[in-house]
Ligand SMILES: *Cc1c(COP(=O)(O)O)cnc(C)c1O
């Protein structure tokens with residue numbers, strides 16, 4: 001592959017991406033495109049972004065050698081990029097800081113967001129408080145129930161949380177509702193999109209804001225191990241933590257990039273959230289990409305133990321990286337993710353997010369077949385405190 005330089009001016013990654021939205025949103029997206037192009041070339045913008053990441057988020061996040069777990073597995077050494085240690089407990093804050101700084105540049109005093117697990121809602125509410133903006137968060141009614149601590153967190157931070165009861169009452173429906181709000185209030189409002197999906201320019205700008213993860217890894221891994229890792233692995237919901245750690249490695253030969261989708265009850269069961277494994281290209285939420293759809297093209301309901309992976313689509317850059325072969329995509333079931341969750345707790349003293357547990361499970365499955373001097377770098381996208389009710393309930397425990 002030559003020098004990697006995507007998306008093109010229209011927001012395309014090969015056949016994927018683009019800007020498939022109603023007339024009313026085109027002007028707003030064009031305005032965002034122009035403003036982001038200016039910010040992208042403005043060293044002062046990136047200087048402030050870096051300053052915020054250092055003093056507010058706590059970056060750089062460390063990389064940690066999971067020594068006991070690696071020993072137990074008897075193969076490759078597993079290293080964890082600790083995005084769980086960021087302020088608000090996940091990688092999401094890298095992106096919300098970037099978008100809030102853009103909103104401020106554009107003079108918007110109101111921000112809206114959609115959220116699944118609640119992590120992006122919390123990160124949005126956090127930056128809204130930090131920069132003195134009004135914040136409204138749309139969340140599927142079922143997610144409001146299964147992530148109640150995050151709902152209260154958003155309220156504590158001063159945000160308004162709007163439960164969405166339409167459709168499957170999860171992330172997909174929250175996203176529709178957020179887009180509806182944006183159409184109505186486009187002059188005053190900045191839409192902080194939570195993953196590397198949606199219409200152009202979102203997949204590009206979210207990637208750029210999350211690329212700090214991979215940039216740090218590229219510097220930290222040689223310091224720790226004398227070289228770059230053999231494999232970089234991350235879970236894939238919409239794809240932001242994965243593209244964030246992959247992107248700086250795309251041009252680095254010899255580093256395998258592996259994205260892990262949620263197989264739920266198993267791909268064959270149909271109850272999963274794995275569009276790259278079992279979907280086909282289609283348009284949803286303003287972009288073209290692999291999508292879980294039935295024979296009639298209707299978007300299918302998804303299932304995953306992890307609310308943050310429960311989305312029927314996936315960002316366009318991952319669709320391109322899959323087709324081009326530069327990245328590989330695999331999947332992990334609920335049961336495998338839960339086993340990895342418990343192993344990480346017991347062997348490393350780290351409670352991982354259920355989303356991240358999918359990437360951990362892939363590493364645990366793969367490491368034994370590799371040699372002891374090989375290295376798997378896992379993006380530990382978030383901490384699992386938000387998931388303890390879910391895990392307890394699955395073990396028959398009521399907290
Ligand atoms: C939201 C979330 C994800 C999934 O979103 P991506 O955009 O695919 O990264 C993964 N891990 C954690 C901890 C999350 O909060």
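The values are calculated or read from the model by the stated rules, or taken from the named source; none is laboratory data. Here the structure is a predicted model, which is why all the values come from computation and not from measurement. Because the Cβ atoms are built from the backbone with ideal geometry, glycine has one as well, and the counts that use them run over all protein chains shown.
Here 342, 358 are screened, and the one residue that is within 13 Å of the ligand (Cβ to nearest atom), in a helix (DSSP H, G or I) and at pLDDT 95 or above is 358. Just checking, does the stretch 311-326 include any residue being over 18 Å from the mean Cα position of the chain (by Cα) and part of a helix (DSSP H, G or I)? Within the stretch 311-326 (the criterion being over 18 Å from the mean Cα position of the chain (by Cα) and part of a helix (DSSP H, G or I)), the answer is yes, since at least one residue qualifies. Tell me, please, whether a residue that is more than 13 Å from the chain's Cα centre (by Cα), in a strand (DSSP E or B), at pLDDT below 95 and over 30 Å from residue 349 (Cα atoms) can be found in the stretch 123-136. Scanning the stretch 123-136, I find no residue that is more than 13 Å from the chain's Cα centre (by Cα), in a strand (DSSP E or B), at pLDDT below 95 and over 30 Å from residue 349 (Cα atoms), so the answer is no.
Scan the stretch 361-372 for residues that are more than 15 Å from residue 232 (Cα to Cα) and outside any helix (DSSP H, G or I) and jot them down. Correct list: 371, 372.
Filtered by the rule that a residue be in contact with a strand residue (DSSP E or B) (Cβ under 9 Å, 6 or more places away or on another chain) and either surrounded by fewer than 24 Cβ atoms within 10 Å (Cβ to Cβ) or in a strand (DSSP E or B) (or both), the stretch 89-102 gives 89, 90, 102. Of the listed requirements (1) farther than 20 Å from residue 381 by Cβ; (2) out of contact with any strand residue (DSSP E or B) (no Cβ under 9 Å at 6 or more places or on another chain), residue 160 misses just one: (2). Taken together, the criteria exclude residue 59 from residues that are in contact (Cβ under 8 Å) with a residue 12 or more places away in the chain and either part of a helix (DSSP H, G or I) or on the phi > 0 side of the Ramachandran plot (or both).
Looking across the stretch 262-292, just one residue is buried (at least 17 other Cβ atoms within 10 Å of the Cβ), in a loop (DSSP other than H, G, I, E, B), out of contact with any strand residue (DSSP E or B) (no Cβ under 6 Å at 6 or more places or on another chain) and on the phi < 0 side of the Ramachandran plot, and that is 292. Taking the listed residues 117, 113, the one that is crowded, with 24+ Cβ neighbours inside 10 Å, out of contact with any strand residue (DSSP E or B) (no Cβ under 7 Å at 6 or more places or on another chain) and not in a helix (DSSP H, G or I) is 117, with no other qualifying.
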